[in-house]
Amino acid sequence: MKHHHFLPVFLALVAFYIGLHFYAARWLTKSFSIGYPASSWLRVALLLAAFLSPLTMFLKRHYQSPALEVLYTAGYAWMGVILVAAFIFLCSDLGALALRRALPAALPRLPAATLGALAAVLAWSFYGGVRNTPVKEITIALPGLPAALDGLRIAQISDIHVDSEWKLRQFNALVDSVNAAKPDLVLFTGDLIDPGLTCREGLQESAARLKSRLGIYGSLGNHEYYYGLDKAMACYRAFGIKLLRNSSADLGDLKLIGLGDIHTEGLSPEDVTAQLRAAGNGKFRLLLSHQPVYYREIAAEGVPLTLSGHTHRGQIFPFHIFTRLAYKYFYGLFRIKDSAFYVTSGAGVWGPPMRWFAPAEIPVITLKKA
């Protein structure tokens, strides 16, 4: 995104995020008849809380300290809490308005019940964010699949965003789950690491435990660039992950192609097409592309299978709506002509340790000849 387009979008997001805090303060003040000066202190407290998440992002980028782990977790968690709270409060207001119009003698608002619903949703969301990620078995039938690749099992790991000790523990459990699934090939589709943890702090040892008959390969996500591209690429090498950045690798009958992050590198459809043509068309091609874009151009080049991530399937409802607006290929299996595309919801979380109506997954894909 060009800078002169990015600034107004960024400012709009900041205004929206701060506005959520004022809306929550107004809802609490009105619902519980909180008078002055307590109402003013509530608004001030929530306004200060609005800056906790940006502070967390700043500190994580500059100070990677286990001593600050609680602050980091609280800052990111608050971002999710206020988003969910504002949504629940809005649903409460709209429900009360509809009841008053339909039934003038309807019961008054029940703010305590709304807070109870909020607590239940938050508990559900935090559980979804911190639980061990399950394996999702998927079979994809593909025309022209070589006999040697019929039944090939591929584990896709995407968007785990390891940046803290608890995510490192989550990644350790993920490694155990992947190994238990016995894949022939393990593929990372970006956003493995984030500022907050160095690749020496246990992550290297965890990645080294991954078992795969054909090896472990990966492509970059946008967060590897935020982490520091040179540092991130060095980490991938230390993990034993063969990184494909606008390059390819031959695995017998399989040609594996990996793109850099399309938006961060500013790759055009023509750039992607050129990479695919440079890789050749003599073998069965599998493309790793973190962002699910340019799918029609990829299908036009006859690439049978593409794996992507990035969208998190929205991660926290109702942000599925905005993610769908930004990405046509939002989540799941898509087919264009004879090409198949799988967009995973990701194996972890970014920011708030929460998922709601967007469960994490480790896709284990079995290829079958159509």
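Counting only C-alpha contacts under 8 Å and six or more residues apart, can you give the relative contact order of the chain as a whole percent?
Values: 671 pairs, mean separation 77.1, N = 370.
In percent, rounded to a whole number, it is 21.
Specify which residue in the list A232, G151, F341 is farthest towards the positive end of the charge dipole of the range 133-369, using unit charges on the beta carbon of Lys, Arg (+1) and Asp, Glu (-1), about the Cα centre.
The residue sitting most towards the positive pole is G151.
Compute the separation of the alpha-carbon centres of the range 57-104 and the range 115-176 and state it in Å as a whole number.
That distance is 24 Å.
Just for the Cα atoms in the range 98-157, what are the lengths along the principal axes, largest first, rounded to whole Å?
Its Cα atoms span 70, 29, 11 Å along the three principal axes.
Multiplying the sequence separation of A326 and A370 by 0.36 nm and subtracting their Cα-Cα distance, what value in nm do you get? If you can, show how the numbers build up before the last one.
Details: separation 44, 0.36 × 44 = 15.84 nm, distance 3.18 nm.
Value of the extension gain: 12.7 nm.
Using the Cβ atoms and a cut-off under 13 Å, what net charge is assigned to the surroundings of V349, where Lys and Arg are +1 and Asp and Glu are -1? Kindly include the intermediate steps, with their values, before the conclusion.
Working: positive: R131, K167, R313, R355; negative: D159, D163, D191, D194, E361.
In short, -1.
Mind jotting down the distance between the C-alpha centroids of the range 190-256 and the range 8-37, whole Å?
So the separation of the two Cα centres works out to 41 Å.
DSSP beta bridges in the range 133-369, what fraction antiparallel, as a percent rounded to 5?
For the range 133-369, the DSSP antiparallel bridge percentage is about 30.
Return the Rg/Rh ratio of the chain with Cα-based radii and a Kirkwood Rh.
Using Cα coordinates only, the ratio equals 1.02.
Let me know the Kirkwood hydrodynamic radius for the range 123-199, please, with Cα pairs as the basis and the value in Å to one decimal.
Final number for the Kirkwood radius of the range 123-199 is 14.4 Å.
Find the all-direction average of the projected area of the Cα convex hull for the range 3-129, expressing the result in square nanometres with one decimal place.
Numbers: hull surface 44.1 nm².
That works out to 11.0 nm², a quarter of the Cα hull's surface.
L48 to H263: extension gain in nm, 0.36 nm per residue of separation minus the Cα-Cα distance?
Result: 74.1 nm gained on full extension.
State, to one decimal in nm, how far the label point of F22 lies from the label point of I34, with both points 7 Å from Cα in the Cβ direction.
1.6
Just want to confirm a number: the relative contact order over the range 100-248, from Cα pairs under 8 angstrom separated by 6+ residues, in percent. Intermediate results must be reported in sequence, preceding the final value.
Values: 174 pairs, mean separation 29.7, N = 149.
With pairs under 8 Å counted, the relative contact order is 20 percent.
Defining a contact as two alpha carbons under 8 Å apart and six or more residues distant in sequence, what relative contact order in percent does the range 3-129 show?
Averaging sequence separation for qualifying contacts and normalising by length gives 26 percent for the range 3-129.
If I take R0 = 35 Å and measure r between the Cβ atoms of A113 and A181 in this structure, what FRET efficiency does the formula 1/(1 + (r/R0)^6) give, to the nearest 0.05?
0.25
Between D338 and N281, what is the label-point separation in nm under the 7 Å Cα-to-beta-carbon projection?
For the pair N281/D338, the computed spacing is 1.0 nm.
At 7 Å along Cα-to-Cβ for each site, give me the label-to-label distance between A67 and L97 in nm.
Each label point lies 7 Å from its Cα, and together they span 5.0 nm.
Could you give the radius of gyration (one decimal) and Dmax (whole number) of the Cα atoms in the range 224-304, in Å?
13.1, 36
Full-extension gain between R245 and V14, please, as 0.36 nm times their residue separation minus the C-alpha to C-alpha distance.
79.9 nm
With n ≥ 4 as the cut-off for DSSP H runs, can you work out [θ] at 222 nm for the chain, using -39500 (n - 2.57) per run divided by the number of residues, rounded to the nearest 500?
-15500 deg cm²/dmol
Here, each number is a calculation from the coordinates, and none is a lab measurement. This one's a predicted model, so the numbers in the text were calculated from it and none came from an experiment. Reconstructed Cβ throughout: ideal geometry from the backbone, glycine too, with neighbour counts over all protein chains shown.
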